[in-house]
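The next block holds one structure in the form of structure tokens; read it before the comments.
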Amino acid sequence: MVPRQAGERLRLGGIDRSRSLLHQLLESPSQKYVSPCDLAMIYVGLGEHDQAFSALDRTFEERSLWLGYLNVEPQLDPLRRDPRFQDLLRRGGLIP
């Protein structure tokens, strides 16, 4: 629920609250699994693209089902022109 709250706060302009929620997620991972893809989308919203790519790399390492949505998830649009994004799509078998 917290990743969704952070994303919603970002859409509403609550960057400080989103950072706080992100901090909660990162500080208490033992309480509940948090998808690296959820973290990546929060990082994208915060403009922290390097962190987003780190999270997306973990998504790839986990072989997450989210990989199938990388090419169509609109929240990841700011990353699409980055060569690292194209590399992720290739590694995931989503582009030749």
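See the values below:
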item	result
Residues that are surrounded by fewer than 15 Cβ atoms within 10 Å (Cβ to Cβ) and of a type outside the set (S, T, N, Q), drawn from the range 70-82	VAL72, PRO74, ASP77, PRO78, ARG80, ARG81, ASP82
Yes/no for LEU67 being more than 23 Å from SER18 (Cα to Cα) and among the aliphatic types (A, V, I, L, M)	yes
Failed item in (1) closer than 17 Å to ALA55 by Cα; (2) of a type outside the set (D, E, K, R); (3) at pLDDT below 75, with PRO36 passing the rest	(3)
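Each row is one residue, and each column tells you yes or no for (1) in a helix (DSSP H, G or I); (2) surrounded by 16 or more Cβ atoms within 10 Å (Cβ to Cβ); (3) touching a residue at least 40 places away in the same chain (Cβ under 8 Å).
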position: HIS23; (1), (2), (3): yes, no, no
position: LYS32; (1), (2), (3): no, no, no
position: TYR43; (1), (2), (3): yes, yes, no
position: ASP50; (1), (2), (3): yes, no, no
position: ARG84; (1), (2), (3): yes, no, no
position: ARG90; (1), (2), (3): yes, no, no
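The values are calculated or read from the model by the stated rules, or taken from the named source; none is laboratory data. No experiment lies behind these values; they were computed from the predicted model shown. Because the Cβ atoms are built from the backbone with ideal geometry, glycine has one as well, and the counts that use them run over all protein chains shown.
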